[in-house]
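Step one of this worksheet: look at the structure below.
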Amino acid sequence: MQSIQTEVLVIGGGATGTGVMRDLAMRGFKTILVEKRDLSHGTTGRYHGLLHSGGRYAVKDPDAARECIEENLILRRIAPHCIEDTGGFFVVTPWDDPAFGDTFMKGCQETGIPCEEISIAQMLKEEPLLNKEMARCFRVPDGSADSFLTSECNVASAKAYGGQMLNYHEVKRLIKEGDKVVGAVCYDLVNDRDVTIHADLVVNASGAWAGKIAGSIGIDVHIIPGKGTMVAIAHRVLNTVVNRCKMPSDGDIIVPVHTVAIIGTTDVKVEDPDQFAIQPWEVQLMLDEGEKLVPGTKQMRMLRAWAGVRPLYQETSVADTRDVTRAYTLLDHSARDGVDNFITITGGKWTTFRQMAEVVVDRVCEKLNTKRECRTHLEAIPDIQHEPRTAEGYYWLGSRLARTEKNKAYGELACECELVTRAEVEEAITKHEAKTFDDIRRDTRLGMGPCQGGFCSYRATGILHTVRQPSIEETNVALRDFLQERWKGLLPILWGPQLKQERLDELMYLHVMNVDHMPGETASRLGPQMYDKGTVETRPQSAKT
Amino acid sequence: MNEITIIGAGMAGLMAGWQAAKQGKKVKIVAKGWGATHWLSGCIDIVGYYPVDGTEVVENPVAAVKQIITDNPQHPYGLVGLDDIEAMISALKDECAAAGYPLHGELHRNWLLPSAVGTLRPTCLAPEMMIAGDMRQNSPLLIVGFKQLMDFFPNVVSDNLNKQGITAAQAMVDLRVLRERSFINPVILAEMLEQPAVQKELANQIKPHLGQAERVGFPSVLGMDQAMTVKKELERLLGRPVFEIPSLTPSVPGMRLHHILTQAIVSAGGRIENGMEAIGAKKENGKVTAVYTSTAARPHPHRSQQYILATGGILGGGITTNSDGDVREVVFDLPVTAPLKQVDWFHQDFLDKRGHPIYQSGLSVNKQFQPLDDGGQPVYGNVFAIGTTLAHCEAIRERSFEGVALATGYALARQLGAT
């Protein structure tokens, strides 16, 4: 068995884990991060991309709201290239209580969130597709974030400071000696072997899976996986983040992300973070609620649906996951469970990942008896994409086109929908350690546009086979896995034009290419994990309405 | 007034229009676009896999079609019968041969041709451009790709062929004329390859790679109108048979076939009006008296004695679905046979061998191709439906896509011509 030694082992390659990795590396700790699949494979890569102003929690969860606005301002400074400065609206629809607007304003004032009420005429001038019957509209500094890119940039920064990242390394169990955690046994999915990593200290930043990791040495961390389903509209129907001005509920946000708009989300308590079906009622609910914000939503072309699992944490049990705080929790298991050198960070939100990391690494310093100042809020996270930015350094919708047009490789688009060039796919394979097409997708957005892999899957197959020269069976399985991965996210929203598109993809891959008769295995270890089939057509009575 | 108005210019509509016009009928085709022809392989599949969840490729389509008809009399082949399939094939072969672009093959034997991923693709009729790729002959191949064309990777083809016990090598050429371009696609490349100088450079770059290869495969870009000339010239320069392998759309072989069919219709006196989306119909006394297409000003009526619906299925747009789980026929709002519940539309795997039930949605018709109501009676006396608009068939899983379209179009036109 391979064995590695490090100072600190971080478990989880989402926003929190990569944030912790960067902070540790910047403070001079020898750091290894392990992720069971690819970076952002878990909740980080499955959220709606909202950079919170905190407005959403201003009334219900003021602590979370304060954390959000603090970090919102810091992230705008250190990682503008990962953010689109869309601004946000909180709108009072005919279905909401107009008086809540005043409560909302007051909440924002008390938590330090800049908020101004604007006229409905002004709102419609900026977002003409919004419901004309809105009663009130408030402007807040929400934004739209690229969570994939942020994780990649965090890791790139950490690597520059000597950190090491191992993807496709799944923690099988923590290693405990006496009352101390001294490392973890990981399974290397790519090479099909176990790897032991010894560490002075282990940080469990595995989000919704934190309970499973801690459970491997008998520590009870009660994570309540709160499943959220999201639906992407194939067009960018709004340029501003739009929230319903009411207590947080289902389907009350639309976030413009790159070329699409995402409606989110539901919140359903699930038993296991690895098993979550998207139920038909959830998709219908997103559409019905989306219709209230943007009339006509139901007739629009839907691109995809997916679910992420919030890592909500509460020491005592609750009936409804919406009532669990969105603030984060640091668990030092020496005090709590008598097990030393082991810290769990959980809860929280994408927007607050940096602050969560800071708190964790402060505690690491304390435990390792050293004093080193946090600098993650002072030093910019490096941009690995080098696309043109706005004057303030933000990403904007035209960034990618502006870069691609300047490039001589303009014609060599492997993915026309998302403007991904052949060179970018090659770089994802050679430099960014992409193992599957889905990893390439997270790096480049390949396959994320309207045709959902129709044209680019074949091209990615050829590029991968040419660049890495694996056995042909491996290439075949990568293609099958990717076709299946795209299909998985389409299943809940396949009707109308998107169904027609999918039939064209069948025509190309089955009729013309006969990929259903390729030699070799039909699925791999690195392949997509399927959601269970959604079968509940109407909303269960027990769920909150 | 036209005698027959056909809605849709895919394979089914074109075949019906051509055959009806040939029999002296006054025919007009109104179409939103060109159907799936530009997406297809350019071959004519009759049936390639049956039963669809089996593993064996169909060697003899005659036997498989008979089995389909026995198992499922409602299948479009059940309406057509073997004789009309045979007659359609012979009519099509004659027309393509006359156009200088011969199709080869017989109904009792499928070709096995390489695909763009190197799998072996069963098909019944193949253009002469492709038949040297037949995998039943066992001679070594060289597969050639173009560096700038990302729609075809020869190494994927050759490695998968080798994996299946077929000796194949690969080569990538880097033509000067392509280096200067910022954008190429199969159509542009096909037109470039009609130039003798480009053919010469191509052959010169390939020669050092020929090795033991006895035939040379290319993506299907060897010329558009001049395809056969390009093929012969490359064969002369390389001293070996060459063949094409279909890949991503736009499909050059599909476009060649489409061109032949549209020319045949015009020559036979038929008319094609493209860019006209049919959006509804006027119905009086159990008959349709007009079909409307959308224009900027007002719906435009098309009057005719008979109407043939050839608008395609889910792919062609003749059958639409929505988020509430409704499945509709778009022009006449005819009753559609479809899975009852939306949760039953799909299986969990994209490549599920059974096919996804929603794609079998379509119209149920009688032997006269008249769409039926729930009581099994024709809905309108003068409306007929053909091609993938019909239910009870999974044309992509069966590899019967062109066959179903062409055979139903042919059979209906013969029926209408006889009356």
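The values are calculated or read from the model by the stated rules, or taken from the named source; none is laboratory data. Predicted model only: the values in this text are computed from it and were never measured. Heads up, the Cβs are rebuilt from the backbone with ideal geometry, glycines too, and the neighbour counts pull from every protein chain shown.
The table below lists the values:
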| item | result |
| --- | --- |
| Number of positions in the range A:369-424 that are surrounded by fewer than 14 Cβ atoms within 10 Å (Cβ to Cβ) and on the phi > 0 side of the Ramachandran plot | 2 |
| Residue identified as at negative phi and surrounded by 20 or more Cβ atoms within 10 Å (Cβ to Cβ) among A:185, A:203, A:190 | A:203 |
| The range B:326-344, residues that are touching a residue at least 24 places away in the same chain (Cβ under 8 Å) and within 11 Å of another protein chain (Cβ to nearest Cβ) | B:327 |
| The range B:231-262 - residue that is outside any helix (DSSP H, G or I) and free of Cβ contacts under 8 Å to residues at least 40 places away in the same chain and, of those, nearest to the other protein chains (Cβ to nearest Cβ) | B:240 |
| Count of residues meeting criterion [touching a residue at least 60 places away in the same chain (Cβ under 8 Å) and either over 14 Å from residue B:390 (Cα atoms) or within 7 Å of another protein chain (Cβ to nearest Cβ) (or both)] in the range B:315-325 | 2 |
| Among residues of the range A:491-512, those that are within 20 Å of residue A:438 (Cβ to Cβ), touching a strand residue (DSSP E or B) at 6+ places or on another chain (Cβ under 9 Å), at the interface with chain B (Cβ under 9 Å from one of its Cβ atoms) and part of a helix (DSSP H, G or I), counted | 2 |
| Flag for residue B:15 being within 14 Å of chain A (Cβ to nearest Cβ) and modelled with pLDDT of 95 or more | no |
| Boolean, residue A:478 is among the aliphatic types (A, V, I, L, M), more than 26 Å from residue B:42 (Cβ to Cβ) and at pLDDT below 90 | no |
| Only one of B:107, B:178 that is surrounded by fewer than 24 Cβ atoms within 10 Å (Cβ to Cβ) and not assigned by TED's automatic domain parsing to the domain that holds residue B:241 | B:107 |
| Helices (runs of 4 or more DSSP H) within the range B:162-230 that include 2 or more residues within 14 Å of chain A (Cβ to nearest Cβ) and out of contact with any Pro (no Cβ under 6 Å at 6 or more places or on another chain) | B:176-179, B:186-192 |
| Conditions (1) touching a strand residue (DSSP E or B) at 6+ places or on another chain (Cβ under 7 Å); (2) in a helix (DSSP H, G or I): number failed by residue B:12 | (1) |
| Residue match in the range B:89-111 (condition: within 14 Å of chain A (Cβ to nearest Cβ), under 30 Å from residue A:471 (Cβ atoms) and of a type in the set (S, T, N, Q)) | yes |
| Residues being facing another protein chain (nearest Cβ under 9 Å) and either under 20 Å from residue B:321 (Cα atoms) or buried (at least 24 other Cβ atoms within 10 Å of the Cβ) (or both) - total across the range A:444-455 | 1 |
| Given (1) within 22 Å of residue A:346 (Cβ to Cβ); (2) aliphatic (A, V, I, L, M); (3) surrounded by 24 or more Cβ atoms within 10 Å (Cβ to Cβ); (4) modelled with pLDDT of 95 or more, index of the condition residue A:74 fails | (3) |
| Yes/no for residue A:401 being within 26 Å of residue A:258 (Cβ to Cβ) and modelled with pLDDT under 95 | yes |
| The range A:116-149, subset β-branched (Val, Ile, Thr) and surrounded by 17 or more Cβ atoms within 10 Å (Cβ to Cβ), residue farthest from the chain's Cα centre (by Cα) | A:120 |
| Failed item, numbered, when residue B:147 is tested on (1) over 30 Å from residue B:47 (Cβ atoms); (2) in contact with an Asp or Glu (Cβ under 6 Å, 6 or more places away or on another chain); (3) crowded, with 18+ Cβ neighbours inside 10 Å; (4) not aromatic (Phe, Trp, Tyr) | (3) |
| Test for residue B:355: is it small (Gly, Ala, Ser), buried (at least 24 other Cβ atoms within 10 Å of the Cβ) and within 14 Å of chain A (Cβ to nearest Cβ) | no |
| Odd one out for residue A:441, checked against (1) surrounded by fewer than 24 Cβ atoms within 10 Å (Cβ to Cβ); (2) more than 12 Å from chain B (Cβ to nearest Cβ) | (1) |
| Residue, surrounded by the most Cβ atoms within 10 Å (Cβ to Cβ), within the range A:163-182, restricted to residues that are more than 20 Å from the chain's Cα centre (by Cα) and outside any strand (DSSP E or B) | A:163 |
| Some residue of the range A:471-484 being part of a loop (DSSP other than H, G, I, E, B), more than 7 Å from chain B (Cβ to nearest Cβ) and without any contact (Cβ under 8 Å) to a residue 60 or more places away in the chain | yes |
| Evaluation of residue B:52 against (1) at pLDDT 95 or above; (2) within 13 Å of another protein chain (Cβ to nearest Cβ) (one fails), failing number | (1) |
| Residues of the range B:395-409 satisfying the condition of being facing chain A (nearest Cβ under 10 Å) and in contact with a Gly (Cβ under 6 Å, 6 or more places away or on another chain) | B:397, B:399 |
| Within the range B:88-102, tally of residues that are closer than 22 Å to residue B:20 by Cβ and touching a residue at least 60 places away in the same chain (Cβ under 8 Å) | 6 |
| Selection count where residues are part of a loop (DSSP other than H, G, I, E, B) and either more than 16 Å from residue A:490 (Cα to Cα) or in contact (Cβ under 8 Å) with a residue 60 or more places away in the chain (or both), scope the range B:347-362 | 4 |
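Yes or no, residue by residue, for (1) surrounded by fewer than 17 Cβ atoms within 10 Å (Cβ to Cβ); (2) modelled with pLDDT of 90 or more; (3) among the aliphatic types (A, V, I, L, M):
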residue	(1), (2), (3)
A:296	yes, yes, no
A:314	yes, no, no
A:324	no, no, yes
A:337	no, yes, no
A:341	no, yes, no
A:344	no, yes, no
A:351	no, yes, no
A:357	no, yes, yes
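This table checks each residue for (1) buried (at least 19 other Cβ atoms within 10 Å of the Cβ); (2) within 15 Å of the chain's Cα centre (by Cα); (3) not acidic (Asp, Glu).
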position: A:226; (1), (2), (3): yes, yes, yes
position: A:241; (1), (2), (3): yes, no, yes
position: A:268; (1), (2), (3): yes, no, yes
position: A:274; (1), (2), (3): no, no, no
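Matching residues to (1) in contact (Cβ under 8 Å) with a residue 24 or more places away in the chain; (2) on the phi > 0 side of the Ramachandran plot; (3) in contact with a His (Cβ under 9 Å, 6 or more places away or on another chain); (4) assigned to a loop (DSSP other than H, G, I, E, B):
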{"residue": "A:36", "(1), (2), (3), (4)": "yes, no, yes, yes"}
{"residue": "A:41", "(1), (2), (3), (4)": "yes, no, no, yes"}
{"residue": "A:68", "(1), (2), (3), (4)": "yes, no, yes, no"}
{"residue": "A:72", "(1), (2), (3), (4)": "yes, no, yes, no"}
